[in-house]
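Only one structure is covered here, and it is reproduced in the block below.
Every number in this text was worked out from the coordinates using simple rules, so none of it is lab data. Note that the coordinates shown come from a computational prediction; the quantities given were computed from them, not determined experimentally. So basically every Cβ, Gly included, is an ideal-geometry build from the backbone, and we count neighbours across all protein chains shown.
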Ligand SMILES: [Zn+2]
């Protein structure tokens with residue numbers, strides 16, 4: 001009981017701080033006008049602790065945002081899953097930090113240039129293998145699971161190309177994952193932390209009795225992501241979820257995120 005009360009207090013405190021911040025910088029009048037319990041309603045029923053799992057997945061990093069995400073995960077003793085891309089303006093050591101701190105790493109895309117990689121399955125696979133080789137050189141490990149750019153139903157990809165790419169994954173032992181919840185955090189501008197958290201919670205309420213794979217982005221634009229995690233993590237702990245990481249062997253309960 002003591003722990004539960006503590007978490008609730010921390011949660012209310014965080015909402016208060018974020019709301020005050022939103023008012024100060026004029027980012028969102030909505031944050032200031034609504035009470036936190038109206039914005040973040042509880043589930044209609046509670047799960048047993050550990051009955052369902054939640055997987056926080058981070059695409060399109062690493063970037064300077066990733067370091068801050070790793071700090072928040074460490075603070076809450078939570079492990080995440082990072083679907084990484086090739087190096088941009090980040091320190092290469094960030095790939096090692098992800099692995100050294102016990103998180104899970106999956107392959108996404110080296111270039112992430114949808115107009116090029118989706119021209120043919122061959123071009124997609126070449127980009128994918130370029131990333132695989134880079135990750136091996138940088139970390140000494142080769143991830144055995146992945147996420148397609150834009151997901152396996154990307155509008156950039158024809159059905160035939162998609163099938164050829166998925167066949168390649170299956171033949172070469174790569175498990176491919178989509179997601180259950182997309183909080184729409186990947187636009188040209190970062191959503192506010194409260195909006196990211198709210199979008200996740202709203203979607204989660206529509207699918208209460210299953211494992212949940214959450215799509216998030218940790219590229220350099222997503223500066224609000226660490227604060228969103230400070231809301232999302234205590235919330236789902238309170239709801240009885242167990243945080244877990246994806247691997248090639250993950251068996252999902254009720255989730256439709258596995259592609260092959
Ligand atoms: Zn992506």
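Kindly provide the Kirkwood hydrodynamic radius of the range 136-251 in Å, to one decimal, from all pairs of distinct alpha carbon atoms.
16.2
Test of understanding: ordering 137, 68 by Cβ neighbours within 10 Å, fewest first, what list do you get?
137, 68
When a/c reaches 1.5 or more, the comparison of a/b and b/c decides; with that in mind, is the range 40-243 rounded, prolate or oblate per its Cα gyration tensor?
It comes out prolate by the Cα gyration axes.
Can you give me the Kirkwood hydrodynamic radius for the range 176-226, using every pair of distinct Cα atoms, in Å to one decimal?
11.5
Tell me, 207, 105 in order of fewest to most beta-carbon neighbours within 10 Å?
In order of increasing Cβ crowding within 10 Å: 207, 105.
Got a sec? How would 120, 224 order by Cβ neighbour count within 10 Å, fewest to most?
120, 224
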